[in-house]
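Engineer: One structure is given below, represented as structure tokens, and several questions about it will come after.
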Amino acid sequence: MSLNTRIKTIELINSKQSFEFNQSGNLNIKYGCNFTDAKNGIDYDSLSMIENNILTFNMSINFDYQAECGRCLSVDTINSKNARDFSLNLDAENDYELDLKSEFIDFEPFISEMIIEKLELNYLCNTSCKGLCPDCGINMNRNNCNHDEKKLKESPFSSLSQLDL
Ligand SMILES: [Zn+2]
Ligand SMILES: [Zn+2]
């Protein structure tokens, strides 16, 4: 189920205390070799209020994402958490294009930002990952293959061996 990230602005304006809002669901994000999709859950817990046109909120997230190893291309699922406080003047222009006239306060850009902040751009399944065989493309962490040097030079994959992965 797609993650519900919106609160009615009027509810926050009318609330006398901080307004608690918790949701679970999925959000599709792709960033470098990392991504989240329908298989990865995101939970968030927010406490927000609007006072004197200032929106302040605390946001905690707990989520799973998938990361592709830069050497062997295997994909791992990783759990991560993040928490942050935000403060936004709804009377002034802001990066999130939110103002008091917005029908909803949409947390999605804040949640996406907090997820991206935690992703590993140069993810390796293991610092000693052996990567793919430059000759046959086999995953060398799980398999062994022996090729003589001549064969290696002729292989369409041989140029891969010159890359510093
Ligand atoms: Zn790897
Ligand atoms: Zn091989």
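The values are calculated or read from the model by the stated rules, or taken from the named source; none is laboratory data. Everything numeric here is computed off the predicted structure, so don't read it as measured data. Glycine gets a Cβ as well: all are built from the backbone with ideal geometry, and neighbour counts include every protein chain shown. Accessible surface areas use protein heavy atoms only, side chains included; no ligands, DNA or RNA. Shrake-Rupley method; radii C 1.70, N 1.55, O 1.52, S 1.80 Å.
Residue by residue, here is whether (1) crowded, with 16+ Cβ neighbours inside 10 Å; (2) farther than 23 Å from Q23 by Cα holds:
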site: N58; (1), (2): no, no
site: N62; (1), (2): no, no
site: R71; (1), (2): yes, yes
site: L88; (1), (2): yes, no
site: D95; (1), (2): no, yes
site: L98; (1), (2): yes, no
site: I115; (1), (2): yes, no
site: K118; (1), (2): no, no
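Engineer: May I ask you to say which residue of S102, S155 is modelled with pLDDT under 95 and within 16 Å of ligand 2 (Cβ to nearest atom)?
Structural biologist: Numbers: S102 fails: within 16 Å of ligand 2 (Cβ to nearest atom).
Of S102, S155, the one residue that is modelled with pLDDT under 95 and within 16 Å of ligand 2 (Cβ to nearest atom) is S155.
Engineer: Another question about this same structure. Which one of these is assigned to a strand (DSSP E or B) and either open to solvent by 30 Å² or more (accessible area, probe 1.4 Å) or within 30 Å of C133 (Cβ to Cβ) (or both): N82, N22, N4?
Structural biologist: Details: N82 fails: either open to solvent by 30 Å² or more (accessible area, probe 1.4 Å) or within 30 Å of C133 (Cβ to Cβ) (or both); N4 fails: assigned to a strand (DSSP E or B).
When all the criteria are applied, what remains is N22.
Engineer: Moving on. Restricting to the stretch 38-63, name every residue that is touching a residue at least 24 places away in the same chain (Cβ under 8 Å), more than 15 Å from S112 (Cβ to Cβ) and under 18 Å from the mean Cα position of the chain (by Cα). Outline the logic, then answer.
Structural biologist: Step one: of the stretch 38-63, the residues touching a residue at least 24 places away in the same chain (Cβ under 8 Å) are 39-40, 42, 44-50, 53-59, 61, 63.
When the remaining residues are screened for being more than 15 Å from S112 (Cβ to Cβ), the result is 39, 45, 47-50, 53-58.
K39, D45, listed by residue number.
Engineer: Another question, if that's okay. Tell me whether the stretch 31-53 contains one or more residues that are of a type in the set (S, T, Y) and either outside any strand (DSSP E or B) or open to solvent by 60 Å² or more (accessible area, probe 1.4 Å) (or both).
Structural biologist: Applying the first criterion (of a type in the set (S, T, Y)) to the stretch 31-53 yields 31, 36, 44, 46, 48.
When the remaining residues are screened for being either outside any strand (DSSP E or B) or open to solvent by 60 Å² or more (accessible area, probe 1.4 Å) (or both), the result is 31.
For the stretch 31-53, residues of a type in the set (S, T, Y) and either outside any strand (DSSP E or B) or open to solvent by 60 Å² or more (accessible area, probe 1.4 Å) (or both): present.
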